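Here is the structure we will look at, set down as structure tokens.
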Amino acid sequence: MMDAIAQRKEESLEFKERAIEAFNVQNFKRAEQHLSSAIDLDPENHVFYSNRAAAYMAMEKYEKALHDANECVRLQPTWAKGYSRQAAAFLSLSQLPAAREACIKGLDLEPENSQVREELRRVEIAEALGLKDAATEAFKAQDYERAVEDLTGAIALDSSNQVFFSNRSVAFTAMQMYEKALDDADECIRLNPSWAKGYSRRAAAKFHLGDLQAAKLAYSKAWDLEPANQKTKADLEHVLSEIAGMKVVLPDRAA
């Protein structure tokens, strides 16, 4: 009896190795088939479920991936990688609270586990984008305080996204909090100095602060980066008209 069990386990590990080879050449269907054979031979091996979950993820079969990740965790609840598989599947299914919870469980077991930390980062980015969308809706409703609150939350989760600072700069401008609007515009430019919108945000803040020369320079930079942007052109014309005390019209430029 023991020999038969040992034989089945040995055969299951051979299927696992074949699955890895298939996965390496991106033949995910074949990898799934090999892992299913491994599971038939040894249904108590949590690694097989973890690996098949990865294959299902690659094939965008997220419900099946989650099922296998759950089984992996059930079989080995102290293995951090199982929770990273859960988190990846939950994230792909847009179940962000569950994805975060899975990451926290994994990090409780292995605080430095790179795979779990990577999944948590992906969850945080998704949460931040959700807050950005909520801020956009709040802005449309002219609830600028709520927009600032949502964008501040987004920045806390992902401070590398210049769009969050750009959008919060607009909200601060709408609230006539021009110094804060300028700070966010400057951070937006620091994060992405080749993005025209950051300079437009800076120009708007400077204009409201009464620094027309700085506004002119910022709008000019934005127009240099996006020569076909008619709004930037109109904003620059407005600032130049304010400086000159007369209407200024700029010629169009080729993009």
Residues of the stretch 170-190 being open to solvent by less than 10 Å² (accessible area, probe 1.4 Å) and small (Gly, Ala, Ser), in sequence order, are Ala171, Ala181, Ala185
Exception for Ala135 within (1) closer than 30 Å to Leu151 by Cα; (2) over 20 Å from the mean Cα position of the chain (by Cα) falls at (2)
Arg8: passes all of (1) under 27 Å from Leu129 (Cα atoms); (2) part of a helix (DSSP H, G or I); (3) open to solvent by 40 Å² or more (accessible area, probe 1.4 Å) but (1)
TODO: Answer with yes or no whether Ala80 is more than 20 Å from the chain's Cα centre (by Cα) and under 17 Å from Ile39 (Cβ atoms).
DONE: no
Quick count over the stretch 237-255, residues being in contact with a Lys or Arg (Cβ under 8 Å, 6 or more places away or on another chain), in a helix (DSSP H, G or I) and open to solvent by 50 Å² or more (accessible area, probe 1.4 Å), is 1
Against the condition in contact with a helix residue (DSSP H, G or I) (Cβ under 6 Å, 6 or more places away or on another chain) and open to solvent by 40 Å² or more (accessible area, probe 1.4 Å), how does Glu63 come out, does it pass? no
Filtering helices (runs of 4 or more DSSP H) wholly in the stretch 86-167 for at least 1 residues that are free of Cβ contacts under 8 Å to residues at least 24 places away in the same chain, closer than 25 Å to Arg52 by Cα and open to solvent by 30 Å² or more (accessible area, probe 1.4 Å) gives 96-109, 114-140
Among the residues of the stretch 203-236, the number that are more than 21 Å from Glu187 (Cα to Cα), open to solvent by 30 Å² or more (accessible area, probe 1.4 Å) and assigned to a helix (DSSP H, G or I) is 4
Taking the stretch 16-45 and keeping residues open to solvent by 40 Å² or more (accessible area, probe 1.4 Å) and within 19 Å of Gln86 (Cα to Cα) leaves Phe28, Pro43, Glu44
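The values are calculated or read from the model by the stated rules, or taken from the named source; none is laboratory data. Remember, predicted model here, so these are calculated numbers, not experimental data. Cβ coordinates were reconstructed from backbone atoms using ideal geometry, including for glycine residues, and neighbour counts include every protein chain displayed. Heads up: the accessible areas ignore ligands, DNA and RNA and are worked out on the full protein's heavy atoms, side chains in. Shrake-Rupley method; radii C 1.70, N 1.55, O 1.52, S 1.80 Å.
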